[in-house]
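Visitor: Pasting a structure here, questions to come.
The values are calculated or read from the model by the stated rules, or taken from the named source; none is laboratory data. It should be emphasised that the depicted structure is a prediction, and the values quoted were computed from it without experimental measurement. Because the Cβ atoms are built from the backbone with ideal geometry, glycine has one as well, and the counts that use them run over all protein chains shown.
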Amino acid sequence: MNAAVEAARAGDAGLGFSVVAEEVRNLAMRTAEAAKNTAELIEGTVAKVNAGFKLVAGTNQAFEEVEKGSEKVGGIVSEISEASDEQAKGLDQISKVVAEMDKTTQQNAVNAEESAAASEEMKQQANMMKNIADELAKIIGITVETNGPLSTGKKKPPERKFISPER
C-alpha cells in the first residue's frame, strides 16, 4: 500500500512503479492465502496424527488383552493336555486289564462284577472329562465336535475337534 501511495505522488514517472506495486500487493495476498491454507493443512495433519496415535494406543491395548487371553487359554490347554495324558495312561492300563481278562475267561462272577463296576466308573469319569472339556470350550468360546458318544465300546476314544470361532 505504501508503494501505491509513492507511485501516486510521482505522477506519470511512477506509473510503472504502481504496476509493480499492484503485483507485489497481489503476490502478498496470494502468499497470505497460501500461508493460511498451509496452516490449515498442518492443523489437519496434526489432528490426523493425534487420531492415529490414539488408534495405535487402542490397538496396543487390544493386543495386550489378546496376549493375556492367550496366556489363559494356554494354561487351560495345558491342563487339558495333562488330563488327556492321565486318561491315556488309564486307558492303556484298562487295555492291559482287558487283555488279561481275555486270558483268564474262567474267572469267577465276583471278579466280573468288579470289572464291570470299574468300567462304569471309568465311563463316568470319561463323561465327567467330556463335560469339563465342554465347559472349558464354552468358557474360551470354541465349539467342540465329536465323532460319536464316549460310550462306544471301542478301545480308542472318539476324536474330539476344537473349532476356533471365526472373528
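Visitor: Of the conditions (1) modelled with pLDDT of 90 or more; (2) farther than 24 Å from GLY141 by Cβ, LYS130 clears all except one; give me its number.
Guide: Exception for LYS130: condition (2).
Visitor: A further question on this structure: Go through the residues of the stretch 58-66 one by one and say whether even a single one is on the phi < 0 side of the Ramachandran plot, of a type in the set (Gly, Ala, Ser) and either surrounded by 12 or more Cβ atoms within 10 Å (Cβ to Cβ) or not in a helix (DSSP H, G or I) (or both).
Guide: First, the residues of the stretch 58-66 that are on the phi < 0 side of the Ramachandran plot: 58-66.
Filter again for of a type in the set (Gly, Ala, Ser), leaving 58, 62.
From what is left, the residues that are either surrounded by 12 or more Cβ atoms within 10 Å (Cβ to Cβ) or not in a helix (DSSP H, G or I) (or both) are none.
Looking for residues that are on the phi < 0 side of the Ramachandran plot, of a type in the set (Gly, Ala, Ser) and either surrounded by 12 or more Cβ atoms within 10 Å (Cβ to Cβ) or not in a helix (DSSP H, G or I) (or both), one finds none in the stretch 58-66, hence no.
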